[in-house]
Amino acid sequence: MTKMIALALGQKGSGKSRALRQLTAARLTRYRHSSALVHDPHSQWQGGAVFGTTSEIRARLAKTGSLPRLMLVRADTPDAVCGLAWDLRRITCVIDELDLCCSQKKWSSPMARELAHYGRHRQVDLFGSFRFTRNINEDLPALADFVFLLRHSAKARFDLLAIQQRFGADAARTVVMMPDHHAVVIADGYHGA
């Protein structure tokens, strides 16, 4: 299984979480022995085992020796979720609002940075969402395999301009139309499935 980094960018209500849910479901369907760990502070995900903290997941693993395929963490930090994904290996880590791991275009979460830079060596996907393109870490665009820019209003055109500045003028090549949304998909060198 080829590991990847995928980002969903857009305003509140633009479909970022939905895009991440669909991408995660596709990964779980394609790779039947894989699992996903999701930081879901706003309870937008359903259908998985709900945990308050990563400590509860660690305790379950110690007790049963196994974990559910989809684990939703509602009350812990993104850094703790990334740390657990790092320890578990061979998992898809989804951070809804990856903005929480950044400050002034720098990583404020040491474990999110580790996953972005070295997670592929531990077979960990990193999927995340950002509300504002100005919050994206300076090194993340170069590491990302896919970026989904979800536009909900005309004001979001500035996000597209910012993405083109960060990724290059011809970066946005594929445009996918969705009901009430425009998704610009930027694939940067990803050749796996």
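Here, each number is a calculation from the coordinates, and none is a lab measurement. Computed from a prediction, not measured in an experiment: that's the story for all the values here. Backbone-built Cβ (ideal geometry, glycine too); neighbour counts: all protein chains shown.
Which lysines have a Cα less than 30 Å from the Cα of Lys63, not counting those fewer than 8 places away in the same chain?
Straight-distance partners of Lys63: Lys3.
Send over the Kirkwood Rh of the stretch 78-157, from the inverse of the averaged 1/r over different Cα pairs, rounded to one decimal Å.
On the way: mean 1/r = 0.0772 Å⁻¹.
Roughly 13.0 Å, rounded to one decimal.
If you rank His39, His117, His33 by fewest surrounding Cβ atoms within 10 Å, what's the result?
Details: His39 28, His117 15, His33 8.
Ranking His39, His117, His33 by Cβ neighbours within 10 Å, fewest first, gives His33, His117, His39.
Could you calculate the contour length gain from Arg69 to Gln46, that is, 0.36 nm times the residue separation minus the distance between their Cα atoms, to one decimal place in nm?
In short, 7.0 nm is gained.
With 10 angstrom as the radius, rank Val50, Val38 by how many other C-beta atoms surround their C-beta, starting from the fewest.
On the way: Val50 18, Val38 26.
Least crowded to most crowded, the residues run Val50, Val38.
At a 10 angstrom cut-off on C-beta neighbours, averaged per residue, how do the peptides 3-10, 54-61 rank from highest to lowest?
My ranking of the peptides, most packed first, is 3-10, 54-61.
Taking the number of other C-beta atoms within 10 Å as the exposure measure, put Tyr31, Tyr118 in order starting with the fewest.
Tyr118, Tyr31
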